[in-house]
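To start, the structure under review is shown below, and the notes come after it.
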Amino acid sequence: MIYFDSAATTFQKPRAVAAAMMAAMASMSSPGRGGYPAAMAAAETALDCRTELAEMFRAPSPEQVVFTLNATHALNIAIKSLVPPGGRAVISGYEHNAVTRPLTALGAKVSVAAAPLFRRDAAAEAFDRLIRPGVDAVICSHVSNVFGFVQPVEDVAELCRRRGVPLIVDASQSAGVVPLDMAALGAAFVAMPGHKGLYGPQGTGVLLCGTDVPTGTLLEGGTGSLSLRQEMPDFLPDRLEAGTHNMPGIAGLLAGVRFVRQLGPDAICAGERQLTQLAAEGLRQLPGVRVLARPDLAAQAAVLSIVPEIMDPEALGDALAERGIAVRAGLHCAPLAHRTAGTEETGTVRLSFSHWNTREEVYRFLTAVREILR
């Protein structure tokens, strides 16, 4: 199989990830639940993973690194910590349902900073018009999961700092690929999955929490700390980690993070962008295909959407799947992004690359698309 759906989940993982998960199953119980070797091994692994993540993204401390089920879980905690029912939020025009649905559930008043694709200057200006005192939170995806648009989070963060509004960054498509410095941004929260650019297993996610930021709980339960109290602890990470930890997942995530740090996110990003450029150039040679990318791929990560003009995107996706090529077709859980870009009625076929993809796979994909469109 040729796998071009890493924006959903990186399918090919480093061998060390599976090995770490198997070792955890054989040697670890639950962290913070005992002083015996299996519990201590779990506690050490969890701390090592928090430490690696805090160093990689410059979070305030390992204790501010909270393990979640996925980025959606992390975003729900962040949003519901800052935005009260009926509150006010400013979001980009490229947000995922993981942002828009929690805000809808809260009955929040949402202002959308919409901007044309790959126009970072226009996106910053749109946020500038909307960020005002009284806004409870600004939420911005670092990279669009549909179009790969790298949004100007640095500019948005500066606006938030000047106007005293907390910022939530959705790093679902950027973590492990596009540089992200939480300390420099001064973000209140940064949410990310473990199973995409960090090459961890599914069922893992991370919420990086700023200092002195209020944190509301979605779940209450055992933490292994302050057990006599019936309220959740007021310190992190315990406050947001009720119940038994997914230690095989955390061990696998640690292996994935170490893999990314060893190679370097910049090197991974450069390789993926070369494949994106190759695919975009090849697709532009085919009649009946609209490629949603700038020729120089400025402001774009390794996510590429196309619209076939002579067939439905899902039909093209199905035809590629029959040839052993995995892409995603449709709205990609982000109707707002399609509305902003003008592709809401059709959706797109999305390619998204990882470290493991090759130029030969791109050539085989282009040949397949040419044959199908014929």
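With springs connecting C-alpha atoms under 10 Å apart, model the chain as a Gaussian network and identify which of 267, 299, 280 has the largest mean-square fluctuation.
267
Which Cα, out of 71, 83, 54, lies furthest along the positive dipole direction of the range 43-90 (beta carbon charges, K/R +1, D/E -1)?
83
Would you work out the charge dipole size for the range 5-80 about its Cα centre, treating the Cβ of every Lys and Arg as +1 and the Cβ of every Asp and Glu as -1, and quote it to the nearest 20 debye?
140 debye
What value, in deg cm²/dmol to 500, does the helix sum -39500 (n - 2.57) over DSSP H runs of n ≥ 4 give at 222 nm once divided by the residues of the chain?
So the helix-based figure for the chain works out to -12500 deg cm²/dmol.
Where nothing but the Cβ of Lys and Arg (+1) and of Asp and Glu (-1) is charged, how large is the charge dipole of the chain around its Cα centre, in debye to the nearest 20?
I would put it at about 240 debye.
At a probe radius of 1.4 Å, what is the per-residue accessible area of residue 325, in Å² to the nearest 10?
10 Å²
How much accessible area per residue does the range 146-291 have, counting only protein heavy atoms and a probe of 1.4 Å, in square angstrom?
With the other protein chains kept in place, the range 146-291 gives 38 Å² per residue.
Where the centroid of each part is defined by its Cα atoms, how far is the range 165-215 from the range 9-78 in Å?
Result: 15 Å between the Cα centres.
Using heavy-atom solvent-accessible surface (probe 1.4 Å) with all chains present, what is the largest-first order of 309, 322?
322, 309
What share of the DSSP beta bridges in the chain is antiparallel, in percent to the nearest 5?
55 percent
Pull up the cross-link candidates among the aspartates and glutamates for residue 109, meaning alpha carbon to alpha carbon under 14 Å and not fewer than 8 places away within one chain.
The qualifying aspartates and glutamates are 136.
In the chain, carbon and sulfur make up what percent of the accessible area (probe 1.4 Å)?
52 percent
What lysines sit close enough to residue 196 to cross-link, taking a C-alpha to C-alpha distance under 25 Å and skipping anything fewer than 8 places away on the same chain?
The reachable lysines, counting only those whose Cα sits under 25 Å from residue 196, are 13, 80.
The values are calculated or read from the model by the stated rules, or taken from the named source; none is laboratory data. All of these numbers come straight from a predicted model, not from anything done at the bench. Note that we place each Cβ from the backbone using ideal geometry, even for glycine, and neighbour counts take in every protein chain shown. Accessible surface areas use protein heavy atoms only, side chains included; no ligands, DNA or RNA. Shrake-Rupley method; radii C 1.70, N 1.55, O 1.52, S 1.80 Å.
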